[in-house]
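Following: one structure in structure tokens, then a few remarks.
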Amino acid sequence: MKFVDEATIEVIAGKGGNGASSFRREKFIPKGGPDGGDGGRGGTIYAIADRNINTLVDYRYARMHRAKNGENGRGSDQYGAAAPDITLRVPVGTIVFDAETGEQLYDLDKHQEKVTLAAGGSGGLGNLHFKSSTNRAPRQWTPGTEGEQRKLRLELKVLADVGLLGMPNAGKSTLISKISNARPKIADYPFTTLHPNLGVVRTSESRSFVVADIPGLIEGASEGAGLGHLFLRHLSRTRVLLHLVDVASPDPDLDPVEQAVADARAIVEELRLYDTELYEKPRWLVLNKFDMVPDPEDLKRRFCEALGWTGPVFGISALNGEGTQELIWQLQDWLDAENRKSHLAQDQADGSYVADDPRFDATRNDA
């Protein structure tokens with residue numbers, strides 16, 4: 001299935017039915033009175049988040065969504081039928097913007113979350129509602145109101161715990177295929193990844209996390225160069241970034257450390273230029289292709305000194321799996337600790353904190 005993470009649609013809700021002006025006409029009942037019914041409600045258009053959908057491709061081709069109008073009221077106290085509603089199913093992580101003003105309307109980041117995109121018009125009132133002691137034969141009725149009409153832009157940001165970023169051919173696709181159930185395209189040329197890939201990493205029967213791989217970044221990506229800038233938004237929901245750096249230079253005349261440091265700095269600069277919040281996210285360095293380096297530990301030391309890096313750093317070989325097990329265990333422990341912190345902060349905020357709740361036990365690793 002083609003991956004689409006942006007779409008523009010138009011939604012038009014149904015108009016409410018008109019009220020009726022009618023009078024009861026029956027034999028031997030000379031003064032039957034008004035009996036005009038109300039009009040039916042117009043159809044409303046909703047959006048609901050569905051975790052079984054992972055692309056907006058359906059809305060790239062079906063751009064107009066129009067609900068039916070409500071039925072008009074009739075005599076004999078007959079109310080018009082309401083029009084059926086329309087529900088658009090979108091991937092979890094979809095953000096809805098007003099296409100004309102750019103205002104963000106909704107952020108559907110939970111499964112089965114439901115929002116109203118365009119409300120249907122209400123039905124008009126029949127003359128039945130206007131009778132009174134002084135107006136015994138009312139002929140007033142009201143028309144149904146128009147339904148809402150909007151032009152919307154849908155933007156998908158995938159939900160993942162860990163995001164992979166790096167230069168093309170840094171080994172991101174190989175790594176995600178090694179540690180998760182994802183099977184992206186892998187080849188020995190740049191830009192083999194053309195759309196984000198999600199994989200579930202299972203570290204035990206009860207513990208797992210989701211990792212996202214986006215197309216490789218190049219210098220100038222924040223300004224539109226390459227493919228990565230189109231998908232950087234997918235990293236905004238992640239909690240930690242894994243920055244993969246290729247430390248095996250194919251050119252024997254180049255110092256691999258010097259080249260790797262230059263690549264790493266270029267990626268960090270693109271993050272800073274694209275989004276400050278994304279730049280400030282927790283980031284771990286992963287030095288890949290250690291199986292092609294004669295002295296891995298010396299290279300790691302020289303790389304960190306040249307870059308001035310003091311954060312977490314791992315040396316791996318995504319091809320043969322060397323070092324990947326330790327990496328995913330460390331990631332799982334860090335994510336579990338972050339979950340405990342968020343649960344604690346939330347429960348303290350709403351007053352439901354319990355001191356011996358196992359979720360807040362820092363010594364547990366099976367949360």
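The values are calculated or read from the model by the stated rules, or taken from the named source; none is laboratory data. A quick note: this is a predicted structure, and the numbers were derived from the prediction, not measured. Reconstructed Cβ throughout: ideal geometry from the backbone, glycine too, with neighbour counts over all protein chains shown.
Values as computed for the structure displayed
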| read-out | value |
| --- | --- |
| All positions within segment 171-183 that are basic (Lys, Arg) and modelled with pLDDT under 70 | ARG183 |
| Candidates ILE53, ILE29 - the one that is assigned by TED's automatic domain parsing to the domain that holds SER122, free of Cβ contacts under 8 Å to residues at least 60 places away in the same chain and farther than 20 Å from ARG89 by Cβ | ILE29 |
| ARG74 being out of contact with any helix residue (DSSP H, G or I) (no Cβ under 9 Å at 6 or more places or on another chain) and closer than 30 Å to LYS110 by Cβ | no |
| Any hit, segment 5-25, residues being under 27 Å from LEU154 (Cα atoms), at pLDDT below 90 and touching an Asp or Glu at 6+ places or on another chain (Cβ under 6 Å) | yes |
| Scope segment 50-82; condition more than 23 Å from GLY16 (Cβ to Cβ), out of contact with any His (no Cβ under 6 Å at 6 or more places or on another chain) and not acidic (Asp, Glu); matching residues | ASN52, ILE53, ASN54, THR55, LEU56, VAL57, TYR59, ARG60, TYR61, ALA62, ARG63 |
| Any hit, segment 51-70, residues being more than 30 Å from LYS151 (Cα to Cα), more than 32 Å from the chain's Cα centre (by Cα), modelled with pLDDT of 90 or more and not in a strand (DSSP E or B) | no |
| Hey, LYS114 of a type in the set (Lys, Arg), out of contact with any Lys or Arg (no Cβ under 8 Å at 6 or more places or on another chain) and surrounded by 18 or more Cβ atoms within 10 Å (Cβ to Cβ) or not | no |
| Considering residues of segment 72-93 that are under 18 Å from ILE12 (Cβ atoms) and not aliphatic (A, V, I, L, M) only, the residue surrounded by the most Cβ atoms within 10 Å (Cβ to Cβ) | ASP85 |
| Inter-residue pairs, beta-carbon under 6 Å, first free of Cβ contacts under 8 Å to residues at least 24 places away in the same chain and in segment 256-283, second of a type in the set (Phe, Trp, Tyr) and in a helix (DSSP H, G or I), 6+ apart | ARG272/TYR279 |
| Whichever residue in segment 17-50 is in a loop (DSSP other than H, G, I, E, B) and hydroxyl-bearing (Ser, Thr, Tyr) and, among such residues, is nearest to the chain's Cα centre (by Cα) | THR44 |
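Conditions tested, residue by residue: (1) at pLDDT below 90; (2) not in a loop (DSSP other than H, G, I, E, B).
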residue	(1), (2)
GLY102	yes, no
LEU128	yes, yes
TRP141	no, no
ARG153	no, yes
LEU159	yes, no
GLY163	yes, yes
LYS185	yes, no
LEU194	yes, no
GLY199	yes, yes
